[in-house]
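Bear in mind these aren't lab numbers, they're just calculated from the coordinates by the rules spelled out. The shown structure was predicted, so the numbers you read here are calculated from the model rather than taken from an experiment. Note that each Cβ is placed from the backbone with ideal geometry, even for glycine, and that neighbours are counted across all protein chains shown.
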Amino acid sequence: MKSIAHILVAVILSLMLVGSQQLQAASPVPYTTIHVHNMHCGECAKKIARKLYALPGVVEVRADVNNNIAYVVPQKEKTLSARSMWEAVEAAGFQVAKLEGPQGTFVAKPTR
């Protein structure tokens, strides 16, 4: 009887371990946060978003005008170049204060 109980405990623990690994594998898509100088209004945000959407692999761009922040979501399992996002904001006529994403945190234009 004790051996059956031990087997059941082992099976339950194995199932719990597999379940927790599957939860870790389903982590959210990493996104990039771009702090922009002087993004005053919705029109400013639209200019920036248009340039960011033009980058290959960008799925979604959200803006928080009150906090001067743009959020960029890449396609699943795709990494966006920090430099290309920085340059897209510059191409829209704005300056980046800080860029935070999967590649790191930058306060100057990234080299790649």
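Listed by chain and number, the aspartates and glutamates placed with their C-alpha closer than 19 angstrom to that of LYS51 are GLU43, GLU60, ASP64, GLU87, GLU90, GLU100; residues fewer than eight positions away on the same chain are left out. Paramagnetic label reach from LYS109 (point 7 Å along Cα→Cβ; backbone nitrogen cut-off under 20 Å): within region 78-95, residues 80-95.
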